[in-house]
Amino acid sequence: MKATLEALAEPNRLRIVELLRGGPRPVNEIVEKLALPQPLVSKHLRALRKAGLVQAQPRAQQRVYQLQPAAFQELDSWISSFRRLWEHRLDALDDYMQELKSQRPARK
């Protein structure tokens, strides 16, 4: 989990992940779309691959990258635990606000 968050914390890596949400892409297309130097894109893809966020498939002379769902499912599961916590707290706050509202005298 820590590796996932660290990898996504870098803005260019997050941009690459966002681009790959639309489907697999070869490195040269990522370079073109993000207007980044090829060595920099390769460096970021290596970090994303090491974190388990992307996978490379060789196709002829190219490497095509795609997202790895497992890492994102783990992240979603972790975030869901916070979502449940906050939903419970916000529901309790709403109940309290409704109680206060019902106790307030009506205005003329």
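The values are calculated or read from the model by the stated rules, or taken from the named source; none is laboratory data. Note that this is a predicted model, so its numbers are computed, not measured. Using ideal geometry, Cβ is built from the backbone for each residue, glycine included, and neighbour counts are taken over all protein chains shown. Only protein heavy atoms, including side chains, enter the accessible area calculation; ligands, DNA and RNA are left aside. Shrake-Rupley method; radii C 1.70, N 1.55, O 1.52, S 1.80 Å.
Tallying residues that are part of a helix (DSSP H, G or I), surrounded by 13 or more Cβ atoms within 10 Å (Cβ to Cβ) and over 20 Å from the mean Cα position of the chain (by Cα) within segment 32-46 yields 1. Remark: pairs (first residue in segment 1-21, polar (S, T, N, Q); second residue assigned to a helix (DSSP H, G or I); Cβ separation under 6 Å; 6+ apart in sequence or on different chains) = 4/71; 4/75; 12/44. Remark: residue 13 falls outside the filter, which requires a residue to be under 29 Å from residue 81 (Cα atoms), open to solvent by 80 Å² or more (accessible area, probe 1.4 Å) and under 20 Å from the mean Cα position of the chain (by Cα). Only one of the numbered conditions (1) at positive phi; (2) modelled with pLDDT under 95 is violated by residue 23, and that is (2).
Take residue 57 and tell me if it is over 21 Å from the mean Cα position of the chain (by Cα) and open to solvent by less than 90 Å² (accessible area, probe 1.4 Å).
So residue 57 fits the description; yes.
Just one of the listed residues (84, 49, 63, 89) is in a strand (DSSP E or B), more than 11 Å from residue 16 (Cα to Cα) and open to solvent by 40 Å² or more (accessible area, probe 1.4 Å), namely 63.
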